[in-house]
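Enquirer: Quick one: this structure, given as structure tokens, is what I'll be asking you about.
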Amino acid sequence: MAKAQAPTNGTTANIDRGPQAAEQAKEQAIGSGKEKPGQLAEVSNLEIVRHYFDRATAHLQIPEDVCAVFWEPYREVSVQIPVRLSDEKIHVFSGYRIQHNGARGPYKGGVRFHPDVDIDEVRALASLMTWKTAVADIPFGGAKGGVNVPAKKLTTDELQAVARSFMSKIDKVLGPDRDILAPDVNTDAQVMAWMMDEYGRLHGHTPAIVTGKPISLGGSYGRDAATGRGCVFCYREAAPDLGLTPASTTFVVQGYGNVGSWAARILQELGATMIGASNSRGAIRNDHGIDANELYDHLEEGGEISEFGAAESVSVDDLLEIPCDLFIPAALGGMINEGNADRLQCKVLVEGANSPTTPAADEILQGKGVLVIPDVIANAGGVVASYFEWVQNLQHFRWTEREVNDKLGHIMRRGYRQVCARAEQDEIPLRDAAYVVGIERVVEASRTRGYI
Ligand code: NAD
């Protein structure tokens with residue numbers, strides 16, 4: 001990787017910032033706490049990721065000047081997205097693409113469309129991607145994108161205009177060997193298709209520029225289910241040590257979207273019983289079981305979760321208190337926090353979402369004896385399948401769904417076992433172990449390249 005390239009399209013970049021700038025960023029991040037609009041917890045997502053990074057680098061005794069390189073992203077692109085909406089007015093949104101570290105390969109990471117997106121959240125998610133791709137041991141760096149747009153309130157045409165405008169403004173820092181986009185909250189296969197098309201308009205047909213595409217446009221079989229499936233692979237590895245079997249498992253899903261609903265449907269195939277679920281509009285409970293497929297269909301058809309017939313409507317807070325074996329947070333960051341972690345009554349928590357658990361909540365859960373399988377490995381299935389899609393696109397070849405799922409299982413099991421082995425060896429929690437494994441790999445790659 002070149003040491004400091006100036007971006008060419010009027011973008012902003014962080015170039016060669018030393019420990020001092022890192023210190024300033026630290027102060028800003030720590031002071032940024034609760035005041036942010038939409039923040040759900042006592043700390044921001046950036047504080048969460050940096051807290052765990054600090055703990056892992058202290059454990060590894062990595063010198064401060066080296067830590068400073070990874071504390072901040074390599075490159076930050078911030079763009080304006082003016083779009084005329086159906087009220088005939090121009091609305092100006094902010095878009096970000098943040099490339100955290102590319103020592104192990106091209107930058108890779110999703111794009112989120114959500115009104116609460118801000119640059120700090122995207123920074124947090126970008127660095128998480130760096131550690132995640134390293135823990136999964138796939139040849140990518142870490143990046144993330146986001147636009148602070150109320151995606152759910154837009155028409156299809158408006159959404160397309162946002163997606164195309166965003167792509168046309170960040171295209172110069174992208175490329176199939178540079179930085180590859182993927183779906184995240186409120187960006188699905190259709191959004192990826194528009195982005196691929198826009199990139200193709202500017203640079204020629206390049207399917208490998210985004211993953212999570214529709215199958216008809218070079219998407220990979222199994223990609224849509226992969227993050228949820230990856231969570232289930234991790235749970236299956238962990239369950240025997242806790243005396244649990246998938247068939248006897250009861251589980252609750254917070255955030256019945258892509259990740260949550262796929263995890264639920266796959267667990268149900270294995271015989272597990274879903275007894276609670278929520279989305280941004282409500283929550284439901286039925287101790288005798290909620291059919292994961294029927295709930296998915298109900299929501300796909302535009303139904304309200306509270307109106308799903310075969311369950312009782314409860315408050316989103318009460319969902320936390322449902323006694324169960326497995327709780328899957330699969331919504332947004334900071335949803336399990338200081339204020340509510342004590343209410344959880346599960347044995348295992350598998351983090352489908354990114355940064356759902358704050359450090360304070362993590363301590364509370366540890367105190368309660370809950371096993372937390374951290375996001376860095378638990379939800380890596382999505383980027384692993386994205387890697388498969390990218391490989392297939394580069395080869396102009398397609399694997400069967402079975403091949404994808406088998407290869408995904410291999411990588412997820414390997415990653416989870418490596419994290420467990422490190423946790424045991426160093427006598428640290430799984431989350432610390434995951435960060436330690438990821439950071440070690442990235443530092444080694446950076447050193448070997450001569451980047452640091
Ligand atoms: P999605 O938009 O499909 O689903 C998010 C779900 O969370 C929706 O059902 C939404 O209604 C719900 N939600 C939002 N606010 C909520 C609240 N306050 N209470 C309860 N539910 C709420 O998004 P997704 O792609 O499934 O992503 C979910 C999480 O998983 C995010 O944190 C994302 O970063 C992470 N993730 C996604 C992928 C992927 O491949 N999609 C990969 C890795 C991590």
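Enquirer: Note down the relative contact order for the range 102-226 as a percent, whole number, built from C-alpha pairs under 8 angstrom at least six residues apart.
Expert: Computed over the range 102-226, the figure is 27 percent.
Enquirer: Stretched out fully, how many nm does the piece from ARG402 to ARG449 gain, at 0.36 nm a residue minus the Cα gap?
Expert: Length gained between ARG402 and ARG449: 13.3 nm.
Enquirer: Given a cut-off of under 8 Å on Cα pairs at least six residues apart, what relative contact order in percent is computed for the range 294-355?
Expert: Relative contact order here is 31 percent.
Enquirer: How compact is the range 125-259 by the rule of thumb for globular proteins, expressed as Cα Rg over 2.2 N^0.38 Å?
Expert: Taking N as the residue count of the range 125-259, the ratio is 1.22.
Enquirer: Restricting to Cα pairs below 8 Å that are 6+ residues apart, what does the relative contact order work out to for the chain? Please round to a whole percent.
Expert: 16 percent
Enquirer: For the range 212-277, restrict the atom set to alpha-carbon positions and state the Rg and Dmax in Å.
Expert: 13.1, 44
Enquirer: Around VAL185, which amide H atoms from residues at least 5 apart in sequence, or from another chain, sit under 5 Å from its own amide H, with H modelled in the peptide plane?
Expert: Residues meeting the criterion, in which the H sits 1.01 Å from N, are PHE113.
Enquirer: Tell me, what is the Rg over Rh of the chain, with Rh the Kirkwood radius over Cα pairs?
Expert: Reported Rg/Rh, Kirkwood definition of Rh: 0.94.
Enquirer: Exceeding 27 Å between C-alpha atoms, which entries from my cross-link table qualify? They are LYS132/LYS213; LYS89/LYS153; LYS368/LYS407.
Expert: Checking Cα-Cα distances, LYS368/LYS407 exceed 27 Å.
Enquirer: While we're on this one: Once you place label points 7 Å from the Cα toward the Cβ at LEU394 and ASP177, how far apart are they in nm?
Expert: 0.9 nm
Enquirer: Could I ask something else about it? Can you compute the FRET efficiency between ASP137 and GLU363 using 1/(1 + (r/R0)^6), with r the Cβ-Cβ distance and R0 = 51 Å? Round to the nearest 0.05.
Expert: E(calc), rounded to 0.05, equals 0.95.
Enquirer: Return the loop-located trypsin sites (Lys or Arg not before Pro) in the range 202-289 (DSSP other than H, G, I, E, B) with at most 14 other Cβ atoms within 10 Å of their own Cβ; answer none if there are none.
Expert: ARG281
Enquirer: Can I ask one more? Roughly how large, in nm² to one decimal, is the mean projection of the convex hull of the alpha-carbon atoms in the range 117-203?
Expert: Average of the hull's projected areas for the range 117-203 equals 5.8 nm².
Enquirer: How far is it, in nm, from the label point at ASP342 to the one at ASP157 when both lie 7 Å from their Cα along the line to the Cβ?
Expert: So the label points at ASP342 and ASP157 sit 5.4 nm apart.
Enquirer: Which value at 222 nm does the chain reach when only helices count, each DSSP H run of 4 or more adding -39,500 (n - 2.57), with the total divided by all residues and rounded to the nearest 500 deg cm²/dmol?
Expert: Value at 222 nm, helices only: -14000 deg cm²/dmol.
Enquirer: Within the chain, which is the longest segment that contains none of the GluC sites (Glu not before Pro) sitting in a DSSP loop with at most 13 other Cβ atoms within 10 Å?
Expert: So the longest stretch without any such site is 89-300.
Enquirer: Any aspartates and glutamates with Cα under 13 Å of the LYS152 Cα? List them, leaving off those in the same chain fewer than 8 positions away.
Expert: Qualifying aspartates and glutamates at Cα under 13 Å: ASP116, ASP188.
Enquirer: Can you give the FRET efficiency for VAL92 and GLU312, using 1/(1 + (r/R0)^6), R0 = 35 Å, r = Cβ-Cβ distance, to the nearest 0.05?
Expert: 0.20
Enquirer: Rounded to the nearest Å, what's the spacing between the alpha carbon centres of the range 391-452 and the range 154-230? Just the number, please.
Expert: Using only Cα atoms to place each centre, the spacing works out to 24 Å.
Enquirer: State, to one decimal in nm², a quarter of the convex hull surface area for the C-alpha atoms of the range 191-314, i.e. the direction-averaged projected area.
Expert: In nm², the orientation-averaged hull projection of the range 191-314 is 9.1.
Enquirer: Of the trypsin sites (Lys or Arg not before Pro) in the range 76-122, which ones lie in a loop per DSSP and count no more than 12 other C-beta atoms within 10 Å?
Expert: Of the trypsin sites (Lys or Arg not before Pro), the ones in loops of the range 76-122 whose Cβ has at most 12 other Cβ atoms within 10 Å are LYS89.
Enquirer: Still on this structure, please answer the following. For LEU159, LEU242, give me the order by solvent-accessible area with a 1.4 Å probe, most accessible first, ignoring ligands, DNA and RNA.
Expert: Output order, biggest surface exposure first: LEU242, LEU159.
Enquirer: Diagonalise the Cα gyration tensor of the range 292-350 and give the resulting equivalent ellipsoid semi-axes, square root of 5 times each eigenvalue, largest first, whole Å.
Expert: 23, 12, 12
Enquirer: Within a Cβ distance under 11 Å of VAL173, other residues only, what is the Lys/Arg minus Asp/Glu net charge?
Expert: Charge balance near VAL173 sits at +2.
The values are calculated or read from the model by the stated rules, or taken from the named source; none is laboratory data. Treat the numbers as computed from the prediction; the structure is a model and nothing was measured. With ideal geometry, Cβ positions are generated from the backbone for all residues, glycine too; neighbour counts draw on all protein chains shown. Note: areas computed on protein heavy atoms with side chains; ligands, DNA, RNA excluded. Shrake-Rupley method; radii C 1.70, N 1.55, O 1.52, S 1.80 Å.
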